[in-house]
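As structure tokens, the structure follows; a few thoughts come after it.
No lab work stands behind these numbers, since they all come straight from the coordinates. Everything quoted here is computed from the prediction, not taken from an experiment. For neighbour counting, all protein chains shown are included, and Cβ atoms are generated from backbone atoms with ideal geometry for every residue, glycine included.
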Amino acid sequence: MTRVPPARRGVPPPAPDSSPPAPSRRVRVRVTGRVQGVGFRPFVFALARRLGLAGFVLNDSLGVLAEVEGEGVEEFLARLVADAPPLACVERLATEALPPTGESGFTIRASAGGGPPDAAVSPDAATCDACLAELFDPADRRYRYPFINCTGCGPRFTIVTAVPYDRPSTTMAAFTMCRACRAEYQDPGDRRFHAQPNACPDCGPRVRLVADRIPAGRRREAIAGGPRDAISAAAAAVRSGAILAVKGIGGFHLACRADDEAAVSALRARKHREDRPFAIMVGDLDAARALVELDGDEIRSRARPIVIAPRRGDVAPSVAPRSRELGVMLPYSPLHHLLLADAGVPLVMTSGNVSDEPIAFTDEDALRRLAGIADLFLLHDRPIRTRTDDSVLRGRRVVRRSRGFVPEPLPLPAAPALLATGAELKSTFTLARDGRAWVGHHIGDLRNVETLASFADGVEHFERLFAVAPQLIAHDMHPDYLSTSYALAREGEHVAVQHHHAHLAAALAEHGEPEALGAIFDGTGYGTDGTIWGGELLLGGPGGFTRAGHLRPVRMPGGESAIREPWRMACAWLAESGLETPPAWANVRRLAETGLASPVTTSMGRLFDAVAALCGLRETVTYEGQAAIELEAAADAHETAAYPLPVTEGAALVLDPRPAIAAIVDDLARGAGVALVSARFHNAVARATAAACREVGAPAVVLSGGVFQNALLLDRTTEALRPARVLTPVRLPCNDGGISYGQAAVAAALHGA
Ligand code: ZN
Ligand code: ZN
Ligand code: FE
């Protein structure tokens, strides 16, 4: 008998020894990571057969388990990682030597239950090329079938109800596969082997068109024909100017022609969405390139995010008023592909909700809530388990992490199982155990019971999916956030985390760095002194920080109303700088000077609001950050001069914008344009930040907080900081969508192993 080599652990296995021929041996292989529902078992099956190995492979609650026996075991182990299917992500590979059994043949065994579920549920993936080819092939049995999918593509996270990931644990449980589909599903050589949402026109979900508001003449045409024609009828209605509610992967969209100003402005009016840009879905990459300047391949990734990029092509003015950019995405479900192909024009595809409500994701809810918006509804009977918004990237950086990315785990230092509940705006939660953190899907602004219910449901769903029983509950220090009350109502050890500390910790944890100086600029965060922070220089790591500096504090006249009315912040900064204000602002100036109902803030976001208002861009806003976004869009990127913005020393460094405010007033009085003023202001903040960071003397600087979604500010600050190393969030948003992960990192550092 040949000697059995000792067990090995780790990734990747060494290259096989080519000569002399490897001895016959048996090895048990445990693969963890994203290996279920992605075609991993058929891949193992095919690989083992090709190498003439005996044994078996199965899915269990930990991932994939295989035993292989024969002479090609080494090559098998090498190829297991190198040739893994496209959607798979092998996190760990552990091997254990076993005595050979003399078994012959290789089989796929039934899933084994029991044990804690640890198998990764994969994110939803865009329709693959092979499925697309079938979708548009008139000879294929799934020609124009809007639910075509395979092990390499299709819905995953949004349809999973439990683990292990198997058909009965999805919203496809109610559909019984026909003979042909079942044959594919059971054939290890088929690319639909164990594709859980596998279906066809004979056995699977169907679309249906509800066209109540379409004028009678057109309605007959719209609802004529069977389910296969519903999509072309919907496309025809949209082409002629209708607004369509369409059920996608993670929820409903509202769609209309992107080149039809009447349709787009009607959509805006009905949706009560005044200015926030709409995203556009285009048929293919060429159509995307016609609209925006794309840098990178993110738009084509399997996550199919909305990519915000500089615009080059024309769309209706109401699509993205006052913006130099457009958010564009490619079709990611077969239904989208058919709709776009039939429509033949780019479509606005915006979230299916009224103003700030959560997106509708059930047919009943959509028919009820979107009735006042949509002319017709393209529905289907495959339920969505978890509402998941489109993810958004700006360039390569994630602005909103949701469909296509969630629930891919991120690394986090080992600690007791924990839950972090995030902040208020752009809410997410994070659950973590054993060195992995699952950051939940974008929930929205956690300000009402509906959103809180969806937040709580998300937390509980993730707790079950990933078997996390949190002992630590991390939350924001703000006493009034719903996320804080939710956290405090849960049993466990509570960890209150300062908001900007969480921003810093999130960026550090993402990059695996122990500490840095964080320049954390955002709109609002509760400070350790009870005031509103938002222009902070925090030195430290997840375990703790010192406030090394901050923006000069100023009053927010009238409190919260100063967020919606940036002119109030302009008034406050003028008063603070000893400058005149218009007579009409006298009452608000008095608030700023007396401090009545006017909390103190060091918010950088509010300073940007103030400057936007001074420039006459915006006196009021309809969404958070709007004034600052328009100020950035207005800037002349060629301007290199900067306003004076000194850094003064004291107990902490203070960035003092008063001289900049005075210079802005002078420039505007001399008739300088907004482009110049905006650029000089951006440059001033960038240089002052860099000067303050040099003063503190940290080798690495984190730039985060929602204000750093401003690409011009980020670029200018990064330049000014040279040669210091700059870290920014990439996989998570720098806005409050990243807060829960940062809170988790802080809790892990304080209570870690
Ligand atoms: Zn496919
Ligand atoms: Zn079928
Ligand atoms: Fe924040």
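Points worth noting:
- Net +/- balance of residues flanking L135 in space, Cβ distance below 9 Å, scoring K and R +1, D and E -1: -1
- Degrees separating the helix 711-721 axis from the principal Cα axis of the chain, which is the longest one: 80
- Theoretical FRET efficiency, 1/(1+(r/R0)^6), r = Cβ-Cβ of E364 and F136, R0 35 Å, to 0.05: 0.60
- Relative contact order %, the chain, counting alpha carbon pairs below 8 Å whose residues are six or more apart: 10
- Solvent-free Debye calculation, one equal scatterer per alpha-carbon of the chain: log10 I(q)/I(0) at 0.11 Å⁻¹ equals -1.22.
- Cut-off 12 Å (backbone N to label point 7 Å along Cα→Cβ of L596), residues of segment 546-565: 558
- On a per residue basis, the convex hull of the C-alpha atoms belonging to segment 52-95 measures out at 86 Å³.
- As a calculated quantity, the FRET efficiency between T620 and R722 at R0 = 35 Å, using C-beta atoms, amounts to about 0.35.
- Per residue Cα convex hull volume in Å³ - calculated over segment 336-430: 168
- Absence of a disulfide-compatible partner, taken as no other cysteine beta carbon within less than 4.7 angstrom, is noted in the chain for C89, C131, C150, C181, C200, C256, C571, C615, C693, C734.
- Placing a pseudo-label 7 Å from each Cα along the Cα-to-Cβ vector at H494 and A711 gives an inter-label distance of 4.2 nm.
- Rg to Rh quotient for segment 25-108, alpha carbon positions, Kirkwood Rh: 0.92
- Mean-position separation - Cα centroids, segment 430-483 and segment 592-661, in angstrom: 33
- 0 to 90° range, to nearest 10: angle between helix 334-343 axis and the chain longest Cα axis: 60
- Helix 73-82 vs. the chain, principal-axis angle (Cα, 0 to 90°, nearest 10): 30
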